Amino acid sequence: AQKVTQTQTSISVMEKTTVTMDCVYETQDSSYFLFWYKQTASGEIVFLIRQDSYKKENATVGHYSLNFQKPKSSIGLIITATQIEDSAVYFCAMREGGASSSFSKLVFGQGTSLSVVP
Amino acid sequence: EAAVTQSPRSKVAVTGGKVTLSCHQTNNHDYMYWYRQDTGHGLRLIHYSYVADSTEKGDIPDGYKASRPSQENFSLILELASLSQTAVYFCASSWTGGAYAEQFFGPGTRLTVL
C-alpha cells in the first residue's frame with residue numbers, strides 16, 4: 001500500500017532564507033506522481049507543484065522547487081527567498097499510476113508547519 | 001470567483017443527529033472528492049464520484065454516505081453523527097481521476113459533534 005511520511009512537524013526560518021521540507025514515500029508502482037500542497041492559516045488548500053516519477057529533472061515553479069531522489073523515495077520541497085506569507089502547513093501527497101490511469105487516489109503525508117519570521 | 005464552494009462553513013451537531021455537508025463546483029470537473037482532516041494530520045479520502053448519480057468508497061467510508069445528484073454538486077451525509085466525526089471536511093474536484101491530475105479544494109467545513 002502506498003504511504004507518504006513527513007517527519008518534520010514544524011520548522012521556523014528567517015525571512016529571505018531557503019528552507020527544505022522533507023517527504024519520503026512508499027509505493028510498489030513503477031509510475032507515480034508526487035504533489036505538494038499548501039494549507040494557509042485560513043484553511044485554504046492550494047496546489048503548489050508536481051513531480052512526475054519518470055522525469056529526472058526536478059520540477060520548479062516560481063520560488064518553489066523539488067529535490068527528487070528516486071532511489072531514496074524522497075521528494076523534498078525547497079522554498080527560496082522565503083516570505084512571511086509562506087508561513088503555512090505544507091503537505092506532500094502521492095498518486096500511483098501512469099499518465100493513462102483511470103483513477104488513482106491521492107494519499108497525503110501528515111504535513112509540516114512552516115513559520116517564516118522577520 | 002471560488003471554483004469549489006462548501007456549505008455550511010461550520011456546523012455544530014448533536015450525537016445521533018443527521019448532518020449534510022454540501023459541495024458545489026464550477027470547474028466543470030468530472031471527479032469530486034470528500035476528505036476528512038483531523039488536527040495535526042493530513043487528509044483522508046472518504047468518498048469520491050466520477051459521474052452524476054454514482055459514488056465510490058474511499059479509504060474511510062464507514063459512517064458516511066455520499067450523493068452526487070449532478071456534475072456540479074456532491075454531498076456528504078452523516079446519518080447518525082458521532083463524536084469521532086468531529087473534524088474539518090474538505091471537498092475537492094479534478095477534471096480526471098488520473099494520477100497526474102491536481103485537485104482543487106474547497107474552503108472546508110468545520111464540524112463539531114457534541
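Since every read-out is calculated from the coordinates, none of them should be taken as a lab result. Fair warning: this is a prediction, and the values are worked out from it, not measured in the lab. Cβ coordinates were reconstructed from backbone atoms using ideal geometry, including for glycine residues, and neighbour counts include every protein chain displayed.
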> Any residue in the range B:10-19 that is in contact (Cβ under 8 Å) with a residue 60 or more places away in the chain and either closer than 26 Å to residue A:7 by Cα or within 12 Å of chain A (Cβ to nearest Cβ) (or both)?
Replying inline: yes
> Among the candidates B:22, B:49, which residue alone is within 20 Å of residue A:97 (Cβ to Cβ) and in contact (Cβ under 8 Å) with a residue 24 or more places away in the chain?
Replying inline: B:49
> residue A:54: more than 30 Å from residue A:118 (Cβ to Cβ), among the aromatic types (Phe, Trp, Tyr) and either facing chain B (nearest Cβ under 10 Å) or in a loop (DSSP other than H, G, I, E, B) (or both), yes or no?
Replying inline: yes
> Are any residues in the range A:72-96 in contact with a strand residue (DSSP E or B) (Cβ under 8 Å, 6 or more places away or on another chain) and either at positive phi or within 14 Å of another protein chain (Cβ to nearest Cβ) (or both), and if so, which ones?
Replying inline: A:73, A:88, A:89, A:90, A:91, A:92, A:93, A:94, A:95, A:96
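Table: residues versus (1) basic (Lys, Arg); (2) over 25 Å from residue A:12 (Cβ atoms).
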{"site": "A:48", "(1), (2)": "no, no"}
{"site": "A:63", "(1), (2)": "no, no"}
{"site": "A:83", "(1), (2)": "no, no"}
{"site": "A:94", "(1), (2)": "no, yes"}
{"site": "A:105", "(1), (2)": "yes, yes"}
{"site": "A:109", "(1), (2)": "no, no"}
{"site": "A:114", "(1), (2)": "no, no"}
>> Residues that are over 13 Å from the mean Cα position of the chain (by Cα), at the interface with chain B (Cβ under 9 Å from one of its Cβ atoms), in a loop (DSSP other than H, G, I, E, B) and closer than 23 Å to residue A:83 by Cα: does the range A:23-43 have at least one?
In response: yes
